[in-house]
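So the structure is just underneath, and the comments pick up after that.
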Amino acid sequence: MRRRSIAGLLAVLLTAVLPVAAALPATTELSVSGTLPATVGLSAYALSVPKLTIDESCLAPENISEVAVAGRLSRARGQVISVYGEDGQTVLLQKKINNAGGRAADFRIRIPEAIVKGKLDRNSELTVYVQSEPVSGIGASKKVRAIISCGKFLKTQSIRSPKKITLTNLKQKAKINAHASSGMAVSYRSSKPNVVSVTKAGKVTRKKNGKAVITVTQVGGGIYLPAKKKITVISRRSTRKEQVDAAVDWAERIAGDNSFAYGTGRGAHNYGCYYCKTNYGPRRYNKPSARYRKTYCCNPFVHAAYAHGARHPKMLKACRAGSGIGMAKWTYYRYGCWKCVGKPPYRKLRKGDVLVTRRHVAMYVGEQKLAEAASANWSAGSIAVKHMSKARYRRISFVMRYTGY
């Protein structure tokens with residue numbers, strides 16, 4: 001009776017185990033292009049066999065001395081990782097996983113250069129088999145074949161570009177000069193084209209206030225891996241300081257350009273601007289002369305600095321209409337961006353302040369200097385940056401200070 005029960009028990013056990021063995025998958029083949037794919041499972045014959053997976057920690061090494069097979073064992077105690085050659089029988093190398101507690105462990109096995117050398121030339125393949133097996137007993141995992149293809153290992157490349165770009169209503173465009181270390185062309189993409197757009201050539205244009213990310217991509221090819229670089233672009237309104245700095249820079253640039261000269265009355269329209277095409281040359285009613293066409297009177301010069309430099313909308317509109325600031329306070333107040341600060345001490349003037357007398361207007365550019373269009377002659381130095389003495393400052397009637405928009 002006892003013998004029959006044991007035989008019946010064995011029959012039940014065999015019936016339960018055989019379907020499991022029949023359901024085991026066939027050998028898994030990996031087709032790799034420079035890298036090993038993530039997580040390839042090796043099935044176990046029995047519960048005593050730990051789960052072995054291969055990950056992509058051996059991503060495209062740049063030379064054959066860095067070839068490695070890496071992965072993870074769910075229970076590592078007493079296990080050996082074996083790497084077999086192309087015949088599936090020749091052991092290339094083994095590594096014992098030392099984990100006395102039997103817990104999961106990561107492994108990384110470097111394949112010696114002597115094994116790989118000569119077998120991974122361009123457009124060739126190398127086949128290896130990976131298997132987990134115990135030091136003693138049964139329960140080895142099934143061998144998994146991995147095909148490492150695509151020839152020589154791909155090299156990494158980097159992209160050089162700015163990390164951050166700020167666009168305002170003053171600087172509404174920018175050019176991204178991104179370069180890949182491989183020398184191959186890069187492409188650009190904006191995360192928010194309605195905020196910041198970018199062309200194929202890397203020209204960035206501000207659309208409205210906001211924040212966007214420009215992704216610079218090099219798709220790789222040949223012997224290089226793909227590469228990406230992200231650039232944060234901030235689109236916002238300019239500050240008062242930025243507007244003043246832009247106006248002063250514009251004035252100093254015109255003052256340093258000897259092709260511009262002073263003009264007033266019959267020499268040029270009092271409110272004329274060269275860039276708005278509202279000044280009329282050396283004779284108001286005659287055809288403009290190439291010699292004297294680039295002229296500014298004192299107040300149109302300062303007005304144009306804030307219209308074209310700071311890009312104040314109302315002042316720009318007035319500049320294009322041939323009107324602007326003058327020697328009266330109300331001519332400033334109508335733009336809503338000026339306040340009269342009286343006549344502050346000589347040392348307390350601020351950059352961008354406009355100094356007004358009964359017959360003249362000049363811009364303070366800092367360090368006791370004025371940018372002005374003055375002197376009733378056509379000399380190159382008639383629009384220039386000049387030193388302002390205390391004696392001259394005493395002749396100033398009042399000071400107008402720009403408040404921004």
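The requirement of being open to solvent by 30 Å² or more (accessible area, probe 1.4 Å), under 24 Å from TYR405 (Cα atoms) and not in a strand (DSSP E or B) is not satisfied by ASN177.
Out of the stretch 70-91, which residues are open to solvent by 30 Å² or more (accessible area, probe 1.4 Å) and farther than 20 Å from ALA104 by Cβ? Result: GLU86, ASP87, GLN89, THR90, VAL91.
In the stretch 95-111, of all residues being open to solvent by 80 Å² or more (accessible area, probe 1.4 Å) and farther than 14 Å from SER82 by Cα, the one that is modelled with the highest pLDDT corresponds to ASP106.
Select from the stretch 112-153 the residues that are part of a loop (DSSP other than H, G, I, E, B) and in contact with an Asp or Glu (Cβ under 8 Å, 6 or more places away or on another chain) and write down the one among them that is modelled with the lowest pLDDT. Here the residue is GLY151. Contact annotation: no residue pair with Cβ atoms under 8 Å, 6 or more positions apart or on different chains, pairs a residue in the stretch 380-402 that is without any contact (Cβ under 8 Å) to a residue 12 or more places away in the chain and closer than 17 Å to MET327 by Cβ with a partner that is surrounded by 14 or more Cβ atoms within 10 Å (Cβ to Cβ) and not hydrophobic (A, V, I, L, M, F, W, C).
So which residues in the stretch 180-222 are open to solvent by less than 60 Å² (accessible area, probe 1.4 Å) and among the charged types (D, E, K, R)?
Keep residues of the stretch 180-222 that are open to solvent by less than 60 Å² (accessible area, probe 1.4 Å), which gives 180, 182, 186-188, 190, 195-198, 201-202, 204-206, 210, 212-218, 220-221.
Scanning the stretch 180-222 gives a single hit, ARG206.
Every residue in the stretch 305-328 that is more than 19 Å from THR403 (Cβ to Cβ) and either β-branched (Val, Ile, Thr) or in contact with a Phe, Trp or Tyr (Cβ under 8 Å, 6 or more places away or on another chain) (or both), please. Those that are more than 19 Å from THR403 (Cβ to Cβ) and either β-branched (Val, Ile, Thr) or in contact with a Phe, Trp or Tyr (Cβ under 8 Å, 6 or more places away or on another chain) (or both): GLY322, SER323. LEU225 falls short on exactly one of the conditions (1) under 30 Å from LYS175 (Cα atoms); (2) among the aliphatic types (A, V, I, L, M); (3) modelled with pLDDT of 90 or more, and that condition is (3).
Of all residues in the stretch 302-316, those that are assigned to a loop (DSSP other than H, G, I, E, B) and in contact with a His (Cβ under 9 Å, 6 or more places away or on another chain) total 0.
Quick check on LYS343: is it in contact (Cβ under 8 Å) with a residue 12 or more places away in the chain, open to solvent by 20 Å² or more (accessible area, probe 1.4 Å) and touching a helix residue (DSSP H, G or I) at 6+ places or on another chain (Cβ under 6 Å)? Against the criterion (in contact (Cβ under 8 Å) with a residue 12 or more places away in the chain, open to solvent by 20 Å² or more (accessible area, probe 1.4 Å) and touching a helix residue (DSSP H, G or I) at 6+ places or on another chain (Cβ under 6 Å)), LYS343 does not qualify.
The values are calculated or read from the model by the stated rules, or taken from the named source; none is laboratory data. Computed from a predicted structure; not experimentally measured. Neighbour counts run over all protein chains shown; Cβ positions are idealised from the backbone, glycine included. Just the protein is used for accessible areas: all its heavy atoms, side chains included, with ligands, DNA and RNA removed. Shrake-Rupley method; radii C 1.70, N 1.55, O 1.52, S 1.80 Å.
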